[in-house]
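A quick write-up on the structure given underneath.
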Amino acid sequence: MPAESITQGKVNLSHQVLRHISQKIKDGTLKKGDKLPTNRELVEELGVSILTVQRSMKQLEAQGVVSCRRRLGTFLENPKAMSSPKIQSGLIGLFTPEIFSDFHTDLLIELENSMMNEGKLVSINFTHSKPDRELTLLRSLARQRLESLVYFTSPLVIISESHCRKVSDWINRYIEEGTFVLFADICPPGFESRLISLDNEKATEMLTNKLIQQGHEKIAFVGATHLPTNEARYDGYKIAMEKAGLKVDHECFVDVHIIESKDWQDRVEADVRMLMKKHPEITGFVVDNGPSAVRVHKVMSEIDDLKFEVKDSIASLFEVAEPPFAASAWIQIPGKEMGQVASELLMEDHPANYEPGHIKIRPKFWAN
């Protein structure tokens, strides 16, 4: 996987093959039904690697320009499709803050493998959760003709009204110029119809119900409700509590400052300690992320007269390969499944202005 992005050189080499075939179509050397030069002949003629030629042929075959017939060769099927901006590019831009969990790793691997199998190039661009860098990358990639853009918007952009507005302007420009844009996990306001995410509301409703079924009545919520998806998680918790006829007490809520503070995990632990001193009747916690759940587990383990065992007192989402400890219920955030959905949408070759709607992936309880 590239450390920063696929180099300009690789992109140009692939374009060199595509432009070569396009020129042969324009000057009449290649007509519909004609056999193309062999991959080896193209390697010798253009001075590129066999992998570059194979990737270009896969792209053209996926787009219906050519058909590859075993032992017979590659034939031109639809020369008109060669002029499509997507044929000229085949480049999928991917923006991500960083790879900091198995969720991101799974999603990126799934997406990259699927696209490479279709003969497309994936340019992975790390924004490092720096809004200004995000905007710089959007500007720089706009000079290339992207077929599609898959965007993990950083939370710092989402909570900044001015950055949201600037990013939105760039995204609209991309769409107008023919780039199909998808968001993963979260997105700026107004782009929910292009978002793929876990059904956050359903996830925490399921987790809360699990605690209620085990006899918990005073259940606290730990989460970062300043983020759009996490706000939905809080809603799911409230729905389950209200359906069960249990009181939703805002004092039993720990607000996780996951963005504003570098020591946010320490603050979660301190806030949970304070909450338990003030409300010792609390026996259960619904937590919207794995690191916070670890801190809640630590605090609960130190309470001698806890009414329930610690493992029966916590229900949480998590982002890594396996849950960090035994708990009442776990739901894994499914990076691989999200990557599969994104890949399917990209391979369906939708026009840039197509809006699939907010695609929610139903949460599932984790099983070893």
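The values are calculated or read from the model by the stated rules, or taken from the named source; none is laboratory data. Bear in mind that the values here come from a model prediction, so they are computed numbers and not experimental data. Every residue, glycine among them, receives a Cβ derived from its backbone with ideal geometry; neighbour counts consider all protein chains shown. Side chains included, ligands, DNA and RNA excluded: accessible areas come from the protein's heavy atoms. Shrake-Rupley method; radii C 1.70, N 1.55, O 1.52, S 1.80 Å.
Annotations for the structure displayed:
- C-alpha long axis of helix 228-243 to longest principal axis of the chain, angle in °: 40
- Computed across segment 240-280, the Kirkwood hydrodynamic radius from all distinct Cα-Cα pairs reaches 11.7 Å.
- When +1 charges are put on Lys and Arg Cβ atoms and -1 charges on Asp and Glu Cβ atoms, the dipole computed for the chain relative to its Cα centre reaches about 1600 debye.
- Put simply, when 119-126, 204-211 are sorted by average Cβ atoms within 10 angstrom per residue, most first, you get 204-211, 119-126.
- Listed by chain and number, the lysines placed with their C-alpha closer than 21 angstrom to that of LYS80 are LYS24, LYS26, LYS31, LYS32, LYS35, LYS58, LYS120; residues fewer than eight positions away on the same chain are left out.
- Rg then Dmax, both in Å and based on the Cα atoms of segment 133-181: 10.5, 29.
- Net length gained if the chain between PHE365 and LYS35 were fully extended (0.36 nm per residue, minus Cα distance): 113.5 nm
- If you plug the beta carbon distance of ILE259 and GLN23 into 1/(1 + (r/R0)^6) with R0 = 51 Å, you get a FRET efficiency near 0.50.
- In Å², nearest 10: area of CYS164 left accessible to a 1.4 Å probe: 10
- Rolling a 1.4 Å probe across the protein heavy atoms gives the chain an accessible surface of 47 Å² per residue.
- Of every Cα-Cα pair in segment 265-313, the percent that sits beyond 15 Å: 37
- Once the Kirkwood radius over Cα pairs is known for the chain, the Stokes-Einstein relation at 10 °C and 1.306 mPa s delivers a diffusion coefficient of 70 µm²/s.
- Principal-axis tilt of helix 131-141 within the chain, Cα atoms, nearest 10 degrees: 20
- Segment 204-312: C-alpha gyration tensor shape, a/c 1.5 cut-off, then a/b vs b/c: oblate
- For segment 247-367, the average shadow cast by the Cα convex hull is 10.2 nm², which is a quarter of the hull's surface.
- Efficiency of FRET between GLU177 and SER67 - r from beta-carbon atoms, R0 22 angstrom, step 0.05: 0.15
- Segment 134-229 pair-distance distribution - Cα-Cα, 10 Å bins, rounded %: 13, 39, 23, 14, 8, 2
- Distribution of pairwise C-alpha distances over segment 20-146, 5 Å bins, in %: 2, 10, 16, 18, 17, 12, 9, 8, 5, 2, 0
- Distant alpha-carbon pairs in segment 67-206 (separation over 26 angstrom), percent: 31
- Exposure check, 1.4 Å probe, all protein chains in place: ARG165 carries approximately 130 Å² of accessible surface.
- DSSP beta bridges confined to the chain are antiparallel in about 15 percent of cases.
- 0 to 90° range, to nearest 10: angle between helix 102-117 axis and the chain longest Cα axis: 20
- Peptides 335-345, 297-307 ranked from most to least packed, by the mean per-residue count of other Cβ atoms within 10 Å: 335-345, 297-307.
- Taking Lys and Arg as +1 and Asp and Glu as -1, the other residues whose beta-carbon sits under 12 Å from that of VAL320 total -4.
- Percent carbon-and-sulfur accessible area, the chain, ignoring ligands, DNA and RNA, probe 1.4 Å: 48
- Stretched out straight at 0.36 nm per residue, the stretch from SER162 to PHE308 would grow longer than its current Cα-Cα span by 47.9 nm.
- Over all other residues within a Cβ to Cβ distance under 14 Å of CYS187, the charged ones net out to -2, with Lys and Arg as +1 and Asp and Glu as -1.
- Here segment 89-167 is treated as a Stokes sphere of Kirkwood radius computed over C-alpha pairs; at 25 °C and 0.890 mPa s its diffusion coefficient rounds to 187 µm²/s.
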